[in-house]
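Report on the following structure.
Derivation of every value follows stated rules applied to the coordinates shown; laboratory data play no part. In this text, all values refer to a predicted model and were calculated from it rather than measured experimentally. All Cβ positions, glycine included, derive from the backbone under ideal geometry; neighbour counts span all protein chains shown.
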Amino acid sequence: MPEEGDRSFLVDVVATGSILGMGVGDTPDQVAGRLGDSFLEDKTRSSMRRDYGLVEFFWSRMSGRGPWLSAGFTVQVHRLATDPGLRDGRWGRLGPRVPFASLRAELAPLGFQCADITVHADRPDWRRYWHAEALTAIQVARTTWTGVLRAGDVFAIHAPHTTATVAADQMRSRRQSIRDSLAHLLSLDDACRRDWLDRRQPGPADRLNWWLYLLVVIDSRLSDQAGNRPEWIDLRVWLMREGVTRGVLSAAWQAGDMAYFALAMRASRAASPSLPTADDVVTACLDAIPVEPRQAIARDGDGRLVTFDRAVVLPSRQANALLSAAQWHLEALADPELAGRLEEWMSFRHLLA
């Protein structure tokens, strides 16, 4: 890649799953605080898109009075080919085209690997690659695109592209059988559920996708207001905890996922005694952060990465993701000492990867 700016911005995006530290968990005001108010906005009652030219951010909310929750961002790399004004500005100096092979070559020496996750259902003119640690997906043209991009050029970068999304792509053909199995699990006690898992879970290579897809299918059931029944919430919480016990799901992943799940259920007025309290949610998130606040610093005051060292970037990004999840429960905390601990961490968040 000929321009150093290509590395400083696009490698940052892929390696961290953020735009100058902004990403999942950031509110519209937080993003505007760093990127400014020069954007185009499309908004409905439940969704919002802000277009900063090269970068677009998305949010959604459960109701007209609910908070705007981050739905991710897209770097529209293909716009570099048609808008010269985007190539030399806040994002650094960028060329009109970004060959994926060159971007991958910049990432590899830094220890960041991208796996091909193209599936049969994808359009034949695109390939998809995934950096699992940062949950970033790279969309690459397979053929010439409108005479502007060549085969192998990056079209866009999306985040977050979650492990659950990848699992859903890989497991979609089994949806009906898994729906039937989950309905059966509702009627079983914990001992019988564990026995069922012992007999049904696949081998190690497929196990994580299978467990995540169980949760995806339950989420689809709960997205229907009529399906927000306590027994489905209880089953999902039980499966999350059982997955950690069995070493399939990590405690850090569970902490972040539980934070968003509990928030969504309470926003939809779905109640269950199995849902953790705000104090439990925040404690789990903070306990899962692998470093101390000052050890997690990876950016300067302008949001630029000061290092591409994986030993710094990945723990810092994990801390940022967990804080993004925990922050939504701050106002509901009963323990003032815990609130102070979270607020101390939040004061460092703009310096995290």
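Here are the numbers for this structure:
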{"read-out": "Under-5 Å amide H pairs with residue 126, H placed in peptide plane, nonlocal only", "value": "142"}
{"read-out": "Hz values of 3J(HN,Hα) by residue in the range 193-208 - Karplus curve (6.51, -1.76, 1.60), Gly and Pro given as x", "value": "5, 5, 4, 4, 5, 4, 8, 9, 5, x, x, x, 5, 10, 5, 4"}
{"read-out": "Kirkwood Rh (inverse of mean 1/r, distinct Cα pairs), the range 161-303, angstrom", "value": "16.5 Å"}
{"read-out": "Cleavage-rule hits (trypsin sites (Lys or Arg not before Pro)) in the range 269-353: DSSP loop, at most 14 neighbouring Cβ within 10 angstrom", "value": "269, 304"}
{"read-out": "Estimated FRET transfer efficiency (residue 199, residue 242; beta-carbon r; R0 25 Å; 0.05)", "value": "0.95"}
{"read-out": "Neighbour-limited loop hits for trypsin sites (Lys or Arg not before Pro), the range 142-226 (at most 16 other Cβ within 10 Å; DSSP other than H, G, I, E, B)", "value": "142, 150"}
{"read-out": "Reciprocal mean inverse distance between Cα atoms of the chain - Kirkwood radius, Å", "value": "21.6 Å"}
{"read-out": "The range 208-286 - Rg and Dmax from Cα coordinates, angstrom", "value": "11.9, 34"}
{"read-out": "Separation in nanometres of the label points that stand 7 Å from Cα toward Cβ, at residue 148 and residue 116", "value": "2.6 nm"}
{"read-out": "For the range 71-84, 3J(HN,Hα) per residue [Karplus equation, 6.51 cos²θ - 1.76 cosθ + 1.60, θ = phi - 60°, Hz, x = Gly/Pro]", "value": "10, x, 8, 9, 9, 7, 4, 4, 5, 4, 6, 10, 10, x"}
{"read-out": "Dimensionless Rg ratio for the range 277-353, taking C-alpha atoms and the 2.2 N^0.38 Å reference", "value": "1.09"}
{"read-out": "Helix-only mean residue ellipticity at 222 nm for the chain, each DSSP H run of n ≥ 4 adding -39500 (n - 2.57), per residue, nearest 500", "value": "-12500 deg cm²/dmol"}
{"read-out": "When the range 93-217 is reduced to its Cα atoms, the Kirkwood hydrodynamic radius in Å", "value": "16.9 Å"}
{"read-out": "Hull shadow area, averaged, the range 4-161 [alpha-carbon convex hull, nm²]", "value": "9.7 nm²"}
{"read-out": "Most to least packed among 272-279, 184-191 [average Cβ atoms within 10 Å]", "value": "272-279, 184-191"}
{"read-out": "Karplus (6.51, -1.76, 1.60) ³J(HN,Hα), θ = phi - 60°, over the range 243-256, in Hz, Gly and Pro reported as x", "value": "x, 5, 4, 7, x, 7, 9, 7, 4, 5, 4, 4, 4, x"}
